[in-house]
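In what follows, a structure is listed as structure tokens, so that the remarks can point back to it.
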Amino acid sequence: MMLLCLASVAGCCATAPSLTLSDLYGTRRSTLEAALQQYPLAEGQNIRAGALGQTDALSYHLVQIRDREQPHIHATHDLAVTLLRGAGTLYIRGIPHDMRAGDVAVVPRGTPHYFVNTQSTPAAAFVTFAPPYDGKDQVPMQ
């Protein structure tokens, strides 16, 4: 019984994710909480994408979603999503994929997708775009 209690306590105290970010200007390390403070999701704001950095080949962003995205594609960008906090459903080509913190998904350019948060607190994801994302390549789906 004592071992079960200790295992339960150890499991609930998992270390929060950290971010080690390298770009053209060097390498820096941050905690997820520090990044969320740097790019706060305002009260009533549904989605916030904060650019964390980029290299010649890709860019990386902290994306927070309070409720859901609208279905869309990125015509010229591939993306990889690592959910850092929360849980939800990522729809890729209309197929639901349950995600929780630690899960990774890859979405090729031109692929319809969107995320639905299934928790009461905002979800946070580390999203990488290749080539570097300019903020203009999001085409809504009808």
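The values are calculated or read from the model by the stated rules, or taken from the named source; none is laboratory data. Everything quoted here is computed from the prediction, not taken from an experiment. Here Cβ is always computed from backbone atoms with ideal geometry, including for glycine, and neighbour counts include all displayed protein chains.
Here are a few things to note about the model shown:
- A search for C-beta distances below 7 Å between a residue of segment 85-107 that is without any contact (Cβ under 8 Å) to a residue 12 or more places away in the chain and closer than 19 Å to Leu36 by Cβ and any residue that is outside any loop (DSSP other than H, G, I, E, B) and among the basic types (Lys, Arg), counting only pairs 6+ apart in sequence or on different chains, returns nothing.
- Tabulated pairs, segment 111-138, first assigned to a strand (DSSP E or B), second buried (at least 19 other Cβ atoms within 10 Å of the Cβ) and β-branched (Val, Ile, Thr), C-beta under 7 angstrom, 6+ apart or interchain: His113/Val107; Phe115/Ile65; Asn117/Ile65; Ala123/Ile65; Ala125/Val63; Ala125/Val81; Val127/Val63; Val127/Val81
- All of Val107, Val81, Val63 fail the test of being crowded, with 17+ Cβ neighbours inside 10 Å, of a type in the set (Val, Ile, Thr) and in contact with a Leu (Cβ under 6 Å, 6 or more places away or on another chain), apart from Val107.
- Taking first residues from segment 16-43 that are assigned to a loop (DSSP other than H, G, I, E, B) and partners that are basic (Lys, Arg), the Cβ contacts under 7 Å between residues at least 6 apart in sequence or on separate chains come to Tyr39/Arg48; Leu41/Arg48; Leu41/Arg66.
- When the criteria are applied in full, Gln45 meets the requirement of being within 17 Å of Pro122 (Cβ to Cβ), at pLDDT 95 or above, loosely packed, with under 15 Cβ neighbours inside 10 Å and of a type in the set (S, T, N, Q).
- In segment 46-82, residue farthest from Asp98 (Cα to Cα) [restricted to those that are basic (Lys, Arg) and in contact (Cβ under 8 Å) with a residue 40 or more places away in the chain]: Arg66
- Failed criterion for Ala51 (all others in (1) assigned to a loop (DSSP other than H, G, I, E, B); (2) modelled with pLDDT under 95 hold): (1)
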